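Take a look at the structure below.
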Amino acid sequence: MHWLQTPVEMGVLTALLTTLYGLILLFAGRFIMKVVVSLGVGFLAGYLAYLTGLRLGFGVLGSLVVFLLVFPLASLAGWYVFKLALSLVASTPIWLVSLKLLGFSRSELPAILLLVLLVVVFYMVSETLVTIVAVIGGLVMIYTGVSSLVNPAVALIVVLLAMVLRAYLYTVSKW
């Protein structure tokens, strides 16, 4: 197998859909992720509020009103909670390694301040990291789809052009 060949064998329709989904992910991946995370958190919190309303004896209609009150509020806060959780997950291993290298205990004040600093830094760059992950996923899907239709070298050129276009759009308009 040539080093540019993809090991994935697919039909024409599957390759076209993979390429289309890759383009969508490349150019709108962060937006799609924001919508999915926000709606997911909204539905989860609304459902938990609905179940709580049922347990408290509000009835079905009262619990539905509670759901309709909680859903938009949780949807608005969902993306920020996701970014906070993402920054906690990303900063904890770096924090633990840093503590070993610096010789601090986990409960010392400098160690806690270091954790807070790492969480803040990762929170500030989390949207950029989400964008990078979406772009890489989109580029992989584009390469996989196009390389099953044409020569893998042509697919690599298409991916490079798409990457340059995405970088241009990001630098011009942060899109």
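Taken together, the values in this text are just the output of simple stated rules run on the coordinates, not laboratory data. Just so we're clear, the structure is a prediction, and the values are computed from it rather than from any experiment. All Cβ positions, even for glycine, are placed from backbone atoms using ideal geometry, and neighbour counts span all protein chains on display.
Things worth noting here:
- With the simple model of a label 7 Å out from the Cα in the direction of the Cβ, residue 160 to residue 140 spans 2.2 nm.
- The chain: relative contact order in percent, alpha carbon pairs under 8 Å with at least 6 residues between: 36 percent
- Between the beta carbons of residue 32 and residue 88, assuming R0 = 25 Å, the FRET efficiency works out to 0.60 to the nearest 0.05.
- Label point distance in nm, residue 113-residue 97, each placed 7 Å from Cα along Cα→Cβ: 2.4 nm
- Base-10 log of normalised Debye intensity for the chain (one unit scatterer per alpha-carbon) at q = 0.08, 0.11, 0.18, 0.19 Å⁻¹: -0.44, -0.74, -1.04, -1.08
- For region 126-175 and region 92-121, distance of Cα centres in Å: 35 Å
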